[in-house]
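Values in this text are rule-based calculations from the coordinates and carry no lab data. Quick caveat, the model's predicted, so the values are computed rather than measured. Cβ sites come from the backbone with ideal geometry, for glycine too, and all protein chains shown count toward neighbours.
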Amino acid sequence: MKLWHFNGGLPSLAEHKNESVNLPIEIAPVPTRLIYPLRQHIGNAAKPLVKVGDKVLCGQKIADAQGMISAPIHAGSSGTVISIADHLIPHPSGFSAPSITIETDGLDNEIELTPHTSFRQLAAGELVDLIREAGIVGLGGAAFPTAIKLNTQGKTIQIDTLILNGAECEPYISCDDRLLKERANRVVEGIEILLYMTGAKRAILAIEDNVPDTFTSIQAAIANNQNPIISAAQIPTIYPTGGEKQLIQTLTGKEVPSGKIPADIGIVSINVGTVHAIQQAIIKGKPLTSRVVTITGEGVNKPHNLEVRIGTPIKALIDVCHGYTKHAERLIMGGPMMGFALLNDEIPIVKATNCILVASKQEVVTEKQAMPCIRCGLCASVCPVSLLPQQLYWFSRSEQLEKAERLNLFDCIECGCCDVACPSHIPLVQHFRYAKSALKVQNHEKHLSNVARERFEAREERIARDKAERAERSRKKKAALKSKPAKEEIDAAVNRSKAKKNSTEGED
Ligand code: SF4
Ligand code: SF4
């Protein structure tokens, strides 16, 4: 299969896959408490459907989507709702946010599921609804509600290519790789469902060339399925080849334009973990209540790939991994490049959690003293989005945020390649994250002030219009009065008419 290259990237980044890639998926025990932050995805937070004291079953919907970009949340086991209150959430801010906590009863009683083994008997729109109701979001880390990506109704551009992202380019993480090795048939059935829904003419499952045995197992599953429009592609191991836009470019040679989405060029791209969740939701009727998570790093005694109930506190998983080692230095959600540090292990696993890295001092990218920029240009040469990190840094640092925005700051995928390449150890991504959030606040404030100004102008216009209308009414009234015959004239006319009448009667 012909492949293309994206700009930059890091071909020789230490992978650290060996620590976990050969560990089969094990089922983690149900913890005593499950904690569900109501905001687990991009868009609006979910709205609770339960109250404290309610009994719930595994798979029961406990919070519903609010608005278009949102997803419902389902209980991961049976038990009792013991609180709906703020709890620490997995977020770089370290904030707490409203969360539902369930005390599990150890019974793991489940709701009655409705399987749809003959999915072709349903219309594409009905399948989209089932996926939305199952609470499925992108499990590759972005957590975008999947139903929105798959809803082709009212779209003018036909989906031509379906890309299944099995390129797990971030170091340490191996959950998708294990899923492809162990549950390849389910993933291929999920691809069949997606092909039926989107009407795409081909599906390509991408896997990096550093896991040849995974490629073999997925090829066997594809051969077994005998659908000629599904294929697998081995792509070069270059970080961040698993980035959505980078993968599309590698497989099709097409670039998703700045500010556009893949569907605008006829492509839908879905992570393989999400494909597995879709297959389970349609064929088995199972909502998204669990996912595979890699627990790894020098800070845990026994790394694992675990199938975990979403909502499980990290501490319970560390116990499964035989606890922390003396080297444990930092808890990171995600990988070392794009992940973020967590405050403690009371924080729960959410839908987007693909890895918990318990990093030692050596594994943490140590923050070295930043030196002045020497304009070497290395950051630009590795940027996979062809940005100019040096200029972005300059504008972000000097608070010239609009200039940074004009240089496509929002296209930055925060991959960290520029950080790694910079000989001056400038924490460029930190600056970009700050600039993006400052710009978002600034743009939001600008939007609010525009709305307020438009309202003010509309009010002023309405007052002026009312005033003009009143003036016009009064002018017309005056004119009418002016044109009315004077009272005396009317009286005289009445008298004349009476006199005429009297004289006529006399003659008679
Ligand atoms: S973090 Fe942003 S600017 Fe830096 S290399 Fe990645 S995409 Fe480019
Ligand atoms: S790599 Fe670092 S030192 Fe070199 S141009 Fe970029 S920011 Fe400046």
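Give the long-range amide H neighbours of His74: residues separated by 5 or more places, or on another chain, with amide H under 5 Å away, using H modelled in the peptide plane at 1.01 Å from N.
Ile62
Using the per-residue mean of other Cβ atoms lying within 10 Å as a proxy for protection, in what order, highest first, do the peptides 84-97, 133-146 fall?
133-146, 84-97
Can you tell me which aspartates and glutamates have their Cα less than 17 Å from the Cα of Lys477? Leave out same-chain residues fewer than eight positions away.
Asp466, Glu469
If you project the alpha carbons of the range 214-332 onto the principal axes, what extent comes out on each, in Å, largest first?
Principal extents (largest minus smallest coordinate, Cα): 48, 36, 30 Å.
Efficiency by 1/(1 + (r/R0)^6): what FRET value for Ala97 and Ala458, r their Cβ-Cβ distance, R0 = 35 Å, to the nearest 0.05?
Calculated transfer efficiency: 0.45.
Taking the Cα centroid of the range 345-363 and of the range 375-393, what is the distance between the two, rounded to the nearest whole Å?
29 Å
Please give the peptides 286-293, 172-179 ranked by average Cβ packing (other Cβ atoms within 10 Å per residue), highest first, as a rough proxy for protection.
172-179, 286-293
Mean residue ellipticity at 222 nm from the helices of the chain, using -39,500 (n - 2.57) per DSSP H segment of n ≥ 4 over the full residue count, to the nearest 500 deg cm²/dmol?
-11000 deg cm²/dmol
Can you give the net charge of the other residues whose Cβ lies under 12 Å from the Cβ of Ile157, counting K and R as +1 and D and E as -1?
0
Need the list of lysines near Lys245 for cross-linking: C-alpha distance under 18 angstrom, and skip anything on the same chain fewer than eight residues off.
In chain and number order, the partners are Lys2, Lys149, Lys254, Lys260.
Restricting attention to the range 360-398, which trypsin sites (Lys or Arg not before Pro) occupy a DSSP loop and are surrounded by at most 13 other Cβ atoms within 10 Å?
Answer in residue order: Lys361, Lys368, Arg375.
Report the charge-dipole magnitude of the range 378-435 in Debye, nearest 20, computed about the Cα centre from +1 at each Lys and Arg Cβ and -1 at each Asp and Glu Cβ.
Using only the charged Cβ atoms, the result is roughly 100 debye.
Rounded to two decimals, what is Rg over Rh for the range 26-74 when you use alpha-carbon atoms and the Kirkwood radius?
Over the Cα atoms of the range 26-74, Rg/Rh equals 1.02.
Along each of the three principal axes of the Cα atoms of the range 378-435, give the extent in whole Å, ordering the values from largest to smallest.
So the extents along the principal axes, rounded to whole Å, are 26, 20, 15.
Which of the aspartates and glutamates could a cross-linker bridge to Lys326, judged by Cα under 18 Å and excluding same-chain residues fewer than eight apart?
Within the straight-line cut-off, Lys326 pairs with Glu19, Glu298, Asp345, Glu363.
Over 22 Å, how big is the tail of the calculated P(r) for the range 351-508, in percent of all Cα pairs?
Roughly 69 percent, once rounded to a whole number.
So how do 148-156, 38-46 stack up, highest first, on mean other-Cβ count within 10 Å?
Packing proxy ranking, top to bottom: 38-46, 148-156.
Can you tell me the alpha carbon radius of gyration of the chain divided by the globular rule-of-thumb value 2.2 N^0.38 Å?
In units of the 2.2 N^0.38 Å rule of thumb, it is 1.38.
Please list the three semi-axes, largest first and in whole Å, of the ellipsoid equivalent to the range 143-264, using sqrt of 5 times the eigenvalues of its alpha carbon gyration tensor.
That gives 23, 19, 13 Å for the three semi-axes.
Can you give the charge dipole size of the chain about its Cα centre, rounded to the nearest 20 debye, using +1 on the beta carbon of Lys and Arg and -1 on the beta carbon of Asp and Glu?
My answer is approximately 2400 debye.
Net charge within 12 Å of Pro240 by Cβ-Cβ distance, Lys/Arg positive one each and Asp/Glu negative one each, not counting Pro240 itself?
Counting the neighbours of Pro240, the net charge comes to -4.
Rounded to whole Hz and in sequence order, give me ³J(HN,Hα) for the range 394-403 from the Karplus expression 6.51 cos²θ - 1.76 cosθ + 1.60, θ = phi - 60°, writing x for Gly and Pro.
For the range 394-403, the Karplus curve yields 4, 5, 5, 5, 8, 6, 8, 5, 5, 5 Hz.
Full extension from Leu448 to Arg433: what is 0.36 nm times the residue separation minus their Cα-Cα distance, to one decimal in nm?
Residue separation times 0.36 nm, minus the Cα-Cα distance, leaves 3.1 nm.
How are the alpha carbon pair distances in the range 77-202 distributed across 10 Å bins from zero to the largest one, expressed in percent?
Pair shares across the bins are 10, 27, 33, 25, 5.
What size of dipole, in debye to the nearest 20, comes out for the range 407-508 about its Cα centre when the only charges are +1 on Lys and Arg C-beta atoms and -1 on Asp and Glu C-beta atoms?
640 debye
Per the chain: cysteines with no other Cys C-beta under 4.7 angstrom?
For the chain, the answer is Cys58, Cys169, Cys175, Cys321, Cys355, Cys373, Cys376, Cys383, Cys412, Cys415, Cys417, Cys422, because their Cβ atoms have no other cysteine Cβ under 4.7 Å.
Taking the Cα atoms only, what angle lies between the long axis of helix 184-198 and the longest principal axis of the chain, rounded to 10 degrees?
20 degrees
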